[in-house]
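Notes for the one structure printed next.
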2 protein chains.
Amino acid sequence: MNRVIEKDVAIVGAGPVGLFTVFEMGLLGYNCVVIDSLPQIGGQCSELYPEKPIYDIPAYPMILAGDLSDKLEEQIKPFNPEYVLGDEVTTLEGEAGNFTLTAGETTIKAKVIVVAAGAGVFTPRKPPISNLADFEGSAVFYAVKKKDQFKDKTVVIAGGGDSAVDWAVALGDICKHIHVVHRRDDFRAAEATVQKMKDLEKAGKLTLHTPYQLKELNGENNILQEVVLSQRGGEDKTLKADNLLCFFGLVPSLGPLAEWGLGIAKKKIIVEPSTMQTTVPGILGSGDITEYPGKLDLILTGFAESAIAAKTAQSIIEPEKRFKLIYTTSSGVPAE
Amino acid sequence: MNRVIEKDVAIVGAGPVGLFTVFEMGLLGYNCVVIDSLPQIGGQCSELYPEKPIYDIPAYPMILAGDLSDKLEEQIKPFNPEYVLGDEVTTLEGEAGNFTLTAGETTIKAKVIVVAAGAGVFTPRKPPISNLADFEGSAVFYAVKKKDQFKDKTVVIAGGGDSAVDWAVALGDICKHIHVVHRRDDFRAAEATVQKMKDLEKAGKLTLHTPYQLKELNGENNILQEVVLSQRGGEDKTLKADNLLCFFGLVPSLGPLAEWGLGIAKKKIIVEPSTMQTTVPGILGSGDITEYPGKLDLILTGFAESAIAAKTAQSIIEPEKRFKLIYTTSSGVPAE
């Protein structure tokens, strides 16, 4: 069931800066849809450190990251933003005044796009293996969607954190055999779960390979046959395996945004700071995702950039209109 | 008694942006003195509209202007700023790394100066009369410091707002005669006071001249003799007078800052936005007083500019040090 949303402005990213962009657009009379791949608003603040205090939000001697999101959500409520959460924005078509975006099953039409994607999309860190792509999606995975997929298979799990250890234990009953590969002897995971993993080892269902690293993948036609491990100063080891699961953590990346034809520098989107315009007319940027001379990756900087982006949005949506700064002290907040 | 204050950074202006600059400097380890001609911190927020709500401070759905100052004062307390209040900064000497400022009886030494003077100094709006300066300070005034000065004098009061009407009434008993000149028939002042003024007119102590405007001043050796009034489509009127009091409101101006040799455009101080550096090395700007392409006169913009100014201050105070963004979420606030 394809949902279609049509708004003046589509904001990619529901972190603090994306949320505040709704406010600045709202002051100028524009309604917004906010899209985020995370299932809730707030971006990193809500996802990674909701309980952490922040001290450099102006006029907040201290605010918890989660409360910052809550306050911003309250502040923009008068402008009735629509949220599309849990789906990554993928395709972009059209041009300034008439863009079409896709996010999961949702189609979004907007006149202006503001990319406020923060550090970008968090994607799995991958091992440096040249033919990795040959097996991705068929034999190599970075997350487990369905456990049954690995039933009676010999699976290599790489990594030493919670995800690696948790899945080694969770798949222990299902798989034919599990090999756990980690570059250190110590695992950075919950003590009790590490113990369960070692119990599986004693039971002969799991083999630990430490300190080893992934070296090569062998196979053909997208079918994995062997995983070769290396050891510093030691000999390689070859494991027969059907699947490889890598749990090396998440790294931020531009994700699908990298395919939109935007000018990129230092893995960020280049904008002209006086307008926050990217190299593609009608696509603006705000917050940490943007790059320009002197750029500081601070939330408070993103807030100010959103006000600039709103001014630029007006020049695109209503080019004939003269921009006039709105002082809420005199006017209050004009609701939608 | 000359007080001498020596700090890393001297901030001119104790409005929200000046206050937040203390915070950003403090994060980098620099202590600050904040100077303002107003007797309290908070700038316009505290002076002109402390009870007015502001809606566009990020993460504050609403905050009273006075509370904004209070919160900022609390936020910067860990960095122990010193305040010099009630004295306008006048002279500037020295250069980057070694500036000396004067404010009233206080001498301030600092390595870096940040001008965060908002709309500048509020100065009286003056009538467009060519020889006005000949009488300023001797016969023409924009405020009443001592009522007795006008005892038994014939005084022309120009203006139609509260100040004009209030002083017409307050000086009514003291002066020989008062002429009130206003370009409209209606006065924009408290009803009751306007009525008192009209009572003075009936009693023969005061004459109203509406709709009239100031046209010329006649006199010699700084002594005023006549004030000539004009009327659209009518004849001029000449009043014998000893003094002229003009109450045309206050307009912001750069005041003594205009003499510091800084690049000026649109009555504002030109800065390079990637550094907030003015045309004089070591003197930075932040907030509404600054001008650059795309500049928005918003408090939240000034907050972001203060972070940039702090980075630049470090490049001046500790040029050998590599700038590193401080994330308070990880580090907290390092007190002085």
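Descriptive notes on the structure:
- Just one residue in the set B:I57, B:I41, B:I11 is part of a strand (DSSP E or B) and hydrophobic (A, V, I, L, M, F, W, C); that residue is B:I11.
- Consider the stretch A:308-325 and keep the residues that are surrounded by fewer than 24 Cβ atoms within 10 Å (Cβ to Cβ) and at the interface with another protein chain (Cβ under 8 Å from one of its Cβ atoms). The one that is nearest to B:P50 (Cα to Cα) is A:L325.
- Of the residues making up the stretch B:268-290, those that are within 12 Å of another protein chain (Cβ to nearest Cβ) and not small (G, A, S) are B:V271, B:E272, B:P273, B:T275, B:M276, B:Q277, B:D288.
- Of all residues making up the stretch B:291-307, the number that are facing another protein chain (nearest Cβ under 7 Å) and either over 21 Å from the mean Cα position of the chain (by Cα) or surrounded by fewer than 20 Cβ atoms within 10 Å (Cβ to Cβ) (or both): 6
- Of all residues in the stretch B:79-89, those that are modelled with pLDDT under 95, surrounded by fewer than 23 Cβ atoms within 10 Å (Cβ to Cβ) and either in contact with a helix residue (DSSP H, G or I) (Cβ under 9 Å, 6 or more places away or on another chain) or small (G, A, S) (or both) total 2.
- B:K146 being modelled with pLDDT of 95 or more and away from chain A (no Cβ under 14 Å): no
- Top-ranked residue in the stretch A:17-68 [being within 22 Å of A:I308 (Cβ to Cβ) and hydroxyl-bearing (S, T, Y); ranked as surrounded by the fewest Cβ atoms within 10 Å (Cβ to Cβ)]: A:Y30
- All strands (runs of 3 or more DSSP E) inside the stretch B:219-333 with 2 or more residues being closer than 30 Å to B:F150 by Cα and of a type outside the set (A, V, I, L, M, F, W, C): B:223-230, B:237-240, B:250-253
- Of all the criteria given as (1) in a helix (DSSP H, G or I); (2) surrounded by fewer than 20 Cβ atoms within 10 Å (Cβ to Cβ); (3) at pLDDT below 95, the one not satisfied by B:F122 is (1).
The values are calculated or read from the model by the stated rules, or taken from the named source; none is laboratory data. Computed from a predicted structure; not experimentally measured. Neighbour counts run over all protein chains shown; Cβ positions are idealised from the backbone, glycine included.
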